[in-house]
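Only one structure is covered here, and it is reproduced in the block below.
The values are calculated or read from the model by the stated rules, or taken from the named source; none is laboratory data. Remember, predicted model here, so these are calculated numbers, not experimental data. Counting neighbours? That spans all protein chains shown, and the Cβs are built from the backbone with ideal geometry, glycine included. What goes into the accessible areas is simple: the full protein's heavy atoms, side chains included, and nothing from ligands, DNA or RNA. Shrake-Rupley method; radii C 1.70, N 1.55, O 1.52, S 1.80 Å.
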Amino acid sequence: MNEYTVTEHERDIPVYIERNGIYLEVTFACKYNVITERIGNGDRRSRVEWIDRTLIKVEFGDAHDNEYRWIYGDDMHPKIRNVIDTFDTEIQNKLEKATDR
């Protein structure tokens, strides 16, 4: 029989991307469980179970030296929304890596 331990984590996770003259830093308030399983041979494996990921802050600079900032609760500038949508897959991958065990 396999044994499980579950530890809950809550922390802000920043993700930074720089490419083609732009930079983007997004910060998420994250809640997740790390589930560690003890396998029959004594080895362990872990996985992350997401509870919540809330975007709380964005800083974005474009190739023309324009800078945009957004904080949770403010109206989001359309350029910020577009760059987040453009890099969504990379943002999600970096969030996953930040919680790898």
Next item on the list: Could you work out how far apart the two model spin labels at residue 19 and residue 90 are, taking each label as a point 7 Å from the Cα in the direction of the beta carbon, and quote it in nm?
Entry: 0.3 nm
Notebook entry, point to check: Using alpha carbons only, what's the Rg to Rh ratio of the chain with Rh from Kirkwood?
Noted result: 1.13
Checklist line | Pairs of lysine residues in region 26-100 - Cα separation under 17 Å, sequence separation of 8 or more or cross-chain | finding: 5
Next item on the list: Divide by every residue of the chain the summed helix terms, -39500 (n - 2.57) for each DSSP H run of at least 4, and state the resulting mean residue ellipticity at 222 nm, rounded to the nearest 500 deg cm²/dmol.
Entry: -6000 deg cm²/dmol
Margin query: Relative contact order for the chain: what percent, with Cα pairs under 8 Å and sequence separation of 6 or more?
Written below: 24 percent
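If you roll a 1.4 angstrom probe over the protein chains with everything in place, what fraction of the accessible area of the chain belongs to carbon and sulfur, to the nearest %?
Numbers: 3000 of 6920 Å².
The C+S portion of the solvent-accessible surface of the chain is 43 percent.
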Check: Which value, in Å², gives the accessible area per residue of the chain when a 1.4 Å probe is used on the protein heavy atoms?
Finding: 68 Å²
Next item on the list: Assuming R0 = 41 Å, can you tell me the calculated FRET efficiency for the pair residue 67 and residue 31, based on Cβ-Cβ distance, to the nearest 0.05?
Entry: 0.85
Next item on the list: In whole Å, largest first, what are the principal axis extents of the Cα atoms in region 1-56?
Entry: 52, 22, 11
Check: Can you give the FRET efficiency for residue 54 and residue 98, using 1/(1 + (r/R0)^6), R0 = 22 Å, r = Cβ-Cβ distance, to the nearest 0.05?
Finding: 0.90
